[in-house]
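Heads up: the structure comes next, in C-alpha cells.
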Amino acid sequence: GELVALTTRFTDELMGQGLTKRILTLVSEMSVTREFERLQKERGLGSEKHRKEVSDLIKECRQALADSLFSWTCQSALTKDDTLALIVHLETVTAQADGSLDSVSLALVMALFYCLDVSFIEQGTEDREVHSRLMDSQPWKLPGLQAVCRLAWALALRALSQLPQGSALVEFTEADEALADQALLGDVFLFMKEGILGCDSFTQEEFYVKQLRNRADEDARLVHMSLQMDSELPSSLRKDLDHLMVLIGEFYSKDPFGLELGLEFWCPAESLQHTSLQGSYLGMALQRPPHKQSENARLALCEHPQWTPVVVMLGLLQCSVPPVLKAELLHSLAAFGKSPEVELNEIESSCEEYPLTRAFCHLIGTLVESSVPVNLGAGLRVPGFQPYLNFLRDSVFLPFPTRAYHHFIQETVELQGEQVPAHKPPGHSIMFHLLNDSPMLALCLSLLEEGVRQLDTYAAFPGEETRALAAKGIQVAQFSAAKEVMFMDLLRESQSSLLVSPLEQLFQGVSPQTRRADHIVNIARYLYHSSSNPEAAFQSAKILRRIAIYPNIQIRLVIYQLCASPDTSGPTMRYLRTSQDFLFSHLQHLPFILT
C-alpha cells in the first residue's frame, strides 16, 4: 500500500507539472532528419553502422515517449487540457508512404481512444472545449484520422445518452449522429483498415487489439440498427458498409495473442460479476461457449444426412473460385478433420503415436505441482487422486515397453484390395534434405549469407523481404539442428539405408558464393544485430550452442575466420585474437542461452 501511494503521488506530481504537453512537444520536435542535421553540423556522425544506431536510438526515444502516455491513459483519463493538447497534436499527424500510421502516432491515437469514453464526459458538464474541437469543421492534415476520432467521440456520446445522467448532457449527446455522419464522409472504416490495422505495430500490443475490437463492434451495431430502420441504403453508406465488413473480417482473422475475440463477436457472451477481478475490466468476466459445444456443432454438421459441408467444400475447390476463397475452404476442411477424442488403447496404440496421452500427462503434472485437493471427485466417487494415479500407472507407464512407437517405417495404404507403399511424413523428407549437401540446404545457407550481408550495411531495405527471408532461413537451420540427433537415432533404429551427415560437418563446407568455409561465421554475425533482429540473433545463438558441443568444431569456432580467409597476411596471433574477440564479444550478450 505504501509503495502504491508513493508511486501514485510521484506520477501525479509529474502529470501536474505538464508532463503530457512536454511529451507531445518532444515527439513533435524529435525526428531522425532534424537530429541528423544537428549531428552533421557538429561532425558527430560516423560510419553507416553508427548512423543506424543513432537512428534506432532516436526512434526508440520517440516510441518510449508515446508508449508512456498511452500507458497512463490506459489507467487514468487525461485532464481536459491534456486531452485538448493530444487532439491538437494529432491534427498535424501525417501518414506513411503506404497510408498507415507509424507506431508513435498509433500509440497516441490509442491513448486518445482511452480518453474519449463515458468516464471522461462524466467529469463535468463544463468541459465543452474537447467537444467543440472534435466538432470543428477545420480539416486535419490526415482526414481519415480526424474521421476515426470523430467516430470514437460519437460512440462515447451514444453510450452516455443511454445512461441516467445522460439527460443532463443533451447538449452533447444530440450531436452523436452529426459526428457519425462526418466520420462516414471521411472514409472512417477505410482508414481504420489501412491506417490502423495496416500499421505493423498494431498486432504487437494486446490493448490496441482490444481497443479497436470495441470500436469495430460498436460500429457494426450502429450499422445493424441503420439497416433495421432503412433497408434502402444510399450508395455512399453501402460503400462504407463494405469497408466495415472487410475491416471486421481482417481484424478477426488475425489473433496474435490467442484472444479468440471472434468467439465473442459471433457468440455474444454473458457477463458474469466477479468481485475478485480487478483492473480495467472492473470485475467483468466473459463466459464463452464450452469447447466441447466452438466440437458438437462440428460433428452435427458432418454427420447430418442433409448437410454435406465437406462434399460441398471439396466441390468448390474444383470450381473456378478466387484463390482467397479456396484458402478459406481448406482452413474449414482442416477444422472438420479434427477428431473429437482419442482413446489410448484403441486409436493411439494402433497409430503408434500418443499426443493425447502426452498432453494428459503434462496437464496432470501441472495440476499437481502445488497440491492435490483431498475432495477431488467428491459426490461422484470416493474422493481423491487415486483413479488418475491408477490410469497413469496401469495404462500408461506399465505397458510402455510393450507398445509400438511410430518411427520411420514404410507406410502402406490399401488400394483396390492390395497394400501399396506411401510416402513417409513430410518432416522425414525435409530433415533428409537438410542433413545432406542438397540444393535445399544450399539455399537456406545462401539466404543466411545474403541476410546478414544486408544487415551489415545498416541500411533500410524496402519491404523487409530480405530480412524476413533471412529470419526464416536461420529458423529452418535452427530447426534442423534441434531435430538432427533424434532424426539420426530414429534412422538407426528403423535400420534405414539412408545416409545423412551431422550439421556441424555440413556447416564447415565451402560457400559457392564466397568460395570460403564461412557458414558458421555468417551464423555468428547475426548475434551482432540482436537489437534490431532479436529473433534471428536468438536462433543464431541456439544453433551455435548446439554445434559447439562437438569436440571437432570447438576449436574451429575460435579460429574459423583464420582458416577460411584467403588473406593470410599479418601476424597470425593478431588475427586469431581478432577471431576470438569477434565470437566471444557476441556470445557474451546471450549467456542465459549458452548456459
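Every residue in region 430-449 that is of a type in the set (D, E, K, R) and surrounded by fewer than 16 Cβ atoms within 10 Å (Cβ to Cβ), please.
Residue satisfying the conditions is D437 alone.
I want to confirm something. Restricting to region 69-78 and keeping residues that are among the polar types (S, T, N, Q) and in a helix (DSSP H, G or I), which single residue is nearest to E129 (Cα to Cα)?
So the residue we want is T73.
Return yes when Q63 is over 27 Å from the mean Cα position of the chain (by Cα) and under 25 Å from G198 (Cα atoms) and no when it is not.
no
Hey, can you tell me all the residues within region 160-203 that are of a type in the set (S, T, Y) and within 17 Å of L134 (Cβ to Cβ)?
S161, T173
S497 - would you say it is part of a loop (DSSP other than H, G, I, E, B) and open to solvent by less than 30 Å² (accessible area, probe 1.4 Å)? Full working, then the answer.
Working: part of a loop (DSSP other than H, G, I, E, B): yes; open to solvent by less than 30 Å² (accessible area, probe 1.4 Å): no.
It is false that S497 is part of a loop (DSSP other than H, G, I, E, B) and open to solvent by less than 30 Å² (accessible area, probe 1.4 Å).
Please specify each residue of region 16-47 satisfying the condition of being open to solvent by 50 Å² or more (accessible area, probe 1.4 Å) and assigned to a loop (DSSP other than H, G, I, E, B).
Going through region 16-47, the residues open to solvent by 50 Å² or more (accessible area, probe 1.4 Å) turn out to be 16-17, 19, 21-22, 25, 28-29, 33-34, 37-43, 47.
Q17, E42, R43, S47 - these are the residues of region 16-47 that are open to solvent by 50 Å² or more (accessible area, probe 1.4 Å) and assigned to a loop (DSSP other than H, G, I, E, B).
Can you pull out the residues in region 523-552 that are more than 27 Å from the chain's Cα centre (by Cα) and either surrounded by 19 or more Cβ atoms within 10 Å (Cβ to Cβ) or on the phi > 0 side of the Ramachandran plot (or both)?
Matches in region 523-552: I547 only.
Taking region 428-446, which residues are outside any loop (DSSP other than H, G, I, E, B) and within 17 Å of I474 (Cα to Cα)? Break it down into steps so the answer makes sense when it comes.
Residues of region 428-446 outside any loop (DSSP other than H, G, I, E, B): 428-434, 439-446.
Result: I430, M431, H433, L434, P439, M440, L441, A442, L443, C444, L445, S446.
Out of all the residues in region 473-484, is one or more acidic (D, E), at pLDDT below 90 and either more than 28 Å from P534 (Cβ to Cβ) or open to solvent by less than 70 Å² (accessible area, probe 1.4 Å) (or both)?
no
Looking only at region 358-415, which residues are farther than 30 Å from F487 by Cβ, surrounded by 11 or more Cβ atoms within 10 Å (Cβ to Cβ) and of a type in the set (S, T, Y)?
Residue satisfying the conditions is Y388 alone.
Using the structure shown, decide if F70 is in contact with a Lys or Arg (Cβ under 8 Å, 6 or more places away or on another chain), aromatic (F, W, Y) and open to solvent by less than 60 Å² (accessible area, probe 1.4 Å).
Details: in contact with a Lys or Arg (Cβ under 8 Å, 6 or more places away or on another chain): no; aromatic (F, W, Y): yes; open to solvent by less than 60 Å² (accessible area, probe 1.4 Å): yes.
Against the criterion (in contact with a Lys or Arg (Cβ under 8 Å, 6 or more places away or on another chain), aromatic (F, W, Y) and open to solvent by less than 60 Å² (accessible area, probe 1.4 Å)), F70 does not qualify.
Please list, ordered by first then second residue, the pairs with beta carbon atoms under 8 Å, 6 or more apart or interchain, first in region 307-318 and closer than 17 Å to H331 by Cβ, second surrounded by 11 or more Cβ atoms within 10 Å (Cβ to Cβ) and small (G, A, S).
As it stands, the answer is P309/S332; M313/S332, since those pairs meet every condition given.
The values are calculated or read from the model by the stated rules, or taken from the named source; none is laboratory data. Source: prediction; values computed, not measured. Quick reminder, even Gly has a Cβ in these numbers, built from the backbone with ideal geometry, and neighbours come from all protein chains shown. Just so you know, the surface numbers come from the protein's heavy atoms only, side chains and all, with ligands and any DNA or RNA stripped out. Shrake-Rupley method; radii C 1.70, N 1.55, O 1.52, S 1.80 Å.
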